[in-house]
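Novice: First the structure, which I've put down as structure tokens, then a few questions once you've had a look.
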Amino acid sequence: NKKAFIFDLDGVIVDTAKYHYLAWQKIAGALGIEFTPEHNEELKGVSRVRSLDIILNLGKINATQEDKDRWLVQKNEDYLGYLVHMDENEILPGVLPVLQYLKDQGQAIALGSASKNARPILEKVNIISYFDAIVDGNDVTNAKPDPEVFVQAARLLSIDAEKAIVFEDSVAGIQAANIANMTSIGIGEESILHEAQYLFPDFTHIETDFLDMLIKR
Ligand code: G16
Ligand code: MG
């Protein structure tokens with residue numbers, strides 16, 4: 001009874017959202033755009049290019065492609081700067097025991113992330129060996145809520161979509177999992193992730209009984 005367990009990266013495995021926020025804030029600040037933590041919620045699970053467009057819209061700024069390309073490079077350089085000191089301490093609570101349990105049960109594990117920096121991050125926090133497949137922002141053309149990233153992950157694992165389970169912290173990611181006919185598990189707040197089939201505040205609340213239920217059904 002093998003299932004595909006697909007994990008989002010940012011906000012699910014590690015809290016890199018705070019670094020994305022700082023890097024975007026610097027760009028927004030230089031352009032005189034006010035960019036609050038509430039605005040930042042909209043960027044979760046969204047591609048880098050789309051994120052910049054959302055910020056420019058906030059400031060009602062029309063930019064040339066040349067300007068945009070420069071800001072995108074700048075943002076990523078700043079973001080990578082924050083990752084330099086990242087280590088296993090930044091894995092979110094409860095994630096490692098769940099990964100280990102699924103591994104011990106012989107389940108298939110994949111990453112499904114919008115980030116182009118996913119692989120180096122998994123290496124930095126030393127968990128890349130848990131993943132049987134990795135699909136990230138370098139592999140897909142359509143961003144969440146398009147299900148492409150999760151569909152590709154299940155395909156790489158040779159497991160049907162109906163037997164795939166997705167852990168997500170973003171609205172766009174939950175919608176992508178639902179569209180793909182996969183089981184969607186929200187990690188975060190009910191007020192934001194009400195479309196998820198199951199919801200937990202974090203991985204410390206996910207018990208082995210629940211994982212067994214997902215594996216057996
Ligand atoms: C993550 C973040 C997004 C970020 C995107 C692209 O997605 O949630 O905020 O814009 O990756 O990241 P990068 O600039 O590193 O390519 P996910 O799907 O892992 O939550
Ligand atoms: Mg995420």
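The values are calculated or read from the model by the stated rules, or taken from the named source; none is laboratory data. What you are looking at is a predicted structure, and each value in this text was computed from that prediction instead of being measured. As a convention, Cβ positions derive from the backbone with ideal geometry for all residues, glycine included, and neighbour counts pool all protein chains shown.
Novice: Among 199, 193, 211, which is crowded, with 18+ Cβ neighbours inside 10 Å, free of Cβ contacts under 8 Å to residues at least 40 places away in the same chain, within 21 Å of residue 150 (Cα to Cα) and in contact with a helix residue (DSSP H, G or I) (Cβ under 8 Å, 6 or more places away or on another chain)?
Specialist: 193
Novice: Show the residue pairs that are 6+ apart or on different chains and have beta-carbon atoms under 7 Å apart, the first residue being within the stretch 117-135 and within 17 Å of residue 173 (Cβ to Cβ), the second being among the polar types (S, T, N, Q).
Specialist: 121/16; 135/152
Novice: Here is a further query. Can you tell me which condition residue 91 does not meet? The list is (1) over 26 Å from residue 151 (Cα atoms); (2) within 16 Å of ligand 2 (Cβ to nearest atom), and all the others hold.
Specialist: (1)
Novice: Which condition from (1) assigned to a helix (DSSP H, G or I); (2) modelled with pLDDT under 95 is the one that residue 70 breaks?
Specialist: (2)
Novice: Tell me which residues, restricted to the stretch 33-55, are touching a residue at least 24 places away in the same chain (Cβ under 8 Å) and either within 16 Å of ligand 2 (Cβ to nearest atom) or at positive phi (or both).
Specialist: Answer for the stretch 33-55, where residues must be touching a residue at least 24 places away in the same chain (Cβ under 8 Å) and either within 16 Å of ligand 2 (Cβ to nearest atom) or at positive phi (or both): 41, 44, 45, 46, 47, 48, 50, 51.
Novice: Could you check residue 3 against (1) at pLDDT below 95; (2) in contact with a Lys or Arg (Cβ under 6 Å, 6 or more places away or on another chain) and say which number it fails?
Specialist: (1)
Novice: Okay, moving on. Among 91, 109, which is in contact with a Phe, Trp or Tyr (Cβ under 7 Å, 6 or more places away or on another chain) and touching a residue at least 60 places away in the same chain (Cβ under 8 Å)?
Specialist: When all the criteria are applied, what remains is 109.
Novice: Here's another thing I want to ask about it. Restricting to the stretch 53-89, give me the number of residues that are hydroxyl-bearing (Ser, Thr, Tyr) and within 14 Å of ligand 1 (Cβ to nearest atom). Reasoning before the result, please.
Specialist: Just the residues of the stretch 53-89 that are hydroxyl-bearing (Ser, Thr, Tyr), to begin with: 64, 79, 82.
Now drop any that are not within 14 Å of ligand 1 (Cβ to nearest atom), which leaves 79, 82.
Count: 2.
Novice: Scan the stretch 162-173 residue by residue and report those that are of a type in the set (A, V, I, L, M, F, W, C) and closer than 20 Å to residue 213 by Cα.
Specialist: Scanning the stretch 162-173 gives 164, 165, 166, 167.
Novice: Taking the stretch 1-52 on its own, how many of its residues are more than 9 Å from ligand 1 (Cβ to nearest atom), of a type outside the set (D, E, K, R) and assigned to a loop (DSSP other than H, G, I, E, B)?
Specialist: Counting residues in the stretch 1-52 that are more than 9 Å from ligand 1 (Cβ to nearest atom), of a type outside the set (D, E, K, R) and assigned to a loop (DSSP other than H, G, I, E, B) gives 6.
Novice: Now a separate question. Return the residue satisfying two criteria in turn: it lies in the stretch 139-175 and is among the small types (Gly, Ala, Ser) and touching a strand residue (DSSP E or B) at 6+ places or on another chain (Cβ under 6 Å), and of such residues it is surrounded by the most Cβ atoms within 10 Å (Cβ to Cβ).
Specialist: Restricting to residues being among the small types (Gly, Ala, Ser) and touching a strand residue (DSSP E or B) at 6+ places or on another chain (Cβ under 6 Å), the top hit is 153.
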